[in-house]
């Protein structure tokens, strides 16, 4: 049952609450799904609508001037960078819950965790779009690694087309609008490296770089007071240095660079298909 936009209409169901109602597509969830969202009206006066399929709901009051110490809270990078502060207190009057409710949530903690996994997917796609929009050609894949909370360690794989291509990709990855905030390392690898596979990435860093010439340092880049290293910086503002690591084969020696000592991708795929019950 659906009411007029932004309003709820009553439905005749005996749930133990005052009444059951449905909210039309003016509600956020309904806007996303395109369907009405069932809600229940709580017993406090005035009654508040709550999602009918919620697992646990706490209902109460926030009274002016009533505050308590709260925090600090964990952040996406796995530390408690902030300090405790004062926050309003909710006086809980009732708790509604299902039988054996499922506790849902993904509090930020030392990565990898649920939060970093979801952010890694989203931010990798955004970084890919930013690189392509900036005109970087032949971008094969991008990954914002979970170990950096999907912000501080980003990798792009490219198919090198010209001298300076790798440096171009690395600096844009580090400094584009999506990647600049709290980025620490931007790594560029060849197309044979999976940027989401940290072992492959670090193998490329270990075997395809000359540290003296393949690491560019950007000083006084965009940082944050949320950075766990902020306590060690001597800046008066939230700056941060950044490293761009060119872990691609040297472009001027592409044809001389040693071949990788491994079976071809095609042979690997055939082997896995043939022995899939064992592998």
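Of all DSSP-defined beta bridges confined to the chain, some 75% are antiparallel rather than parallel.
Each of 53, 233 has some number of other Cβ atoms within 10 Å of its Cβ, and from fewest to most they run 53, 233. Across 136, 178, 92, mean-square fluctuation computed from a Gaussian network of the chain (C-alpha pairs under 10 Å connected) peaks at 92.
Shown here is the pair-distance distribution of the chain: with all Cα-Cα distances grouped in 5 Å bins from zero up to the longest one, the shares run 1, 5, 9, 10, 11, 11, 10, 9, 9, 8, 7, 5, 3, 2, 1, 0 percent. For segment 114-274, the Kirkwood radius over C-alpha pairs fed into Stokes-Einstein at 4 °C and 1.567 mPa s yields D = 79 µm² per second. With 0.36 nm allotted per residue and the present C-alpha distance subtracted, the residue 80-residue 117 stretch has 11.4 nm of extension available.
Taking every Cα-Cα distance in segment 81-207 and sorting them into 10 Å bins from zero, the calculated P(r) comes out as 12, 35, 24, 13, 10, 5, 1 percent.
Comparing 114, 35, 45 in a Gaussian network model of the chain (Cα springs below 10 Å), the most mobile by mean-square fluctuation is 45. Put a dot 7 Å past the Cα of residue 271, heading toward its Cβ, do the same for residue 102, and the two dots end up 4.0 nm apart.
Put a dot 7 Å past the Cα of residue 253, heading toward its Cβ, do the same for residue 89, and the two dots end up 6.9 nm apart.
Cβ crowding within 10 Å ranks 245, 147 as 147, 245, fewest other Cβ atoms first. By the count of other C-beta atoms within 10 Å, a proxy for reagent exposure, 242, 119, 270 are ordered fewest to most as 270, 119, 242. If R0 is 41 Å, the Cβ-Cβ spacing of residue 54 and residue 278 corresponds to a FRET efficiency of close to 0.35.
Computed over the chain with a Gaussian network model linking Cα atoms closer than 10 Å, the most mobile of 230, 257, 73 is 257. To the nearest 10 degrees, how steeply does helix 114-133 sit against the main Cα axis of the chain, on a 0 to 90 scale? Long axis of 114-133 versus the principal axis of the chain: about 60 degrees. Please give the calculated 222 nm ellipticity per residue for the chain, where each DSSP H segment of at least 4 residues contributes -39500 (n - 2.57) and the sum is spread over every residue; nearest 500 deg cm²/dmol? Computed mean residue ellipticity for the chain: -6500 deg cm²/dmol. If R0 equals 22 Å, the separation of the Cβ atoms of residue 110 and residue 194 corresponds to a calculated FRET efficiency of about 0.40. For the chain, the longest principal axis of the Cα atoms and the long axis of helix 198-207 meet at an angle of about 20 degrees.
Extending 7 Å from Cα along the Cβ direction at residue 260 and again at residue 133 yields two label points whose distance is 3.1 nm. So how tilted is helix 265-274 from the main axis of the chain? Cα-based, degrees 0 to 90, rounded to 10. That works out to roughly 60 degrees.
Read-outs: derived from the displayed coordinates by stated rules, not from any lab. In this text the structure is predicted, and so the values were computed from the model without any measurement. No Cβ is skipped: glycine too gets one built from the backbone with ideal geometry, and neighbour counts run over all protein chains shown.
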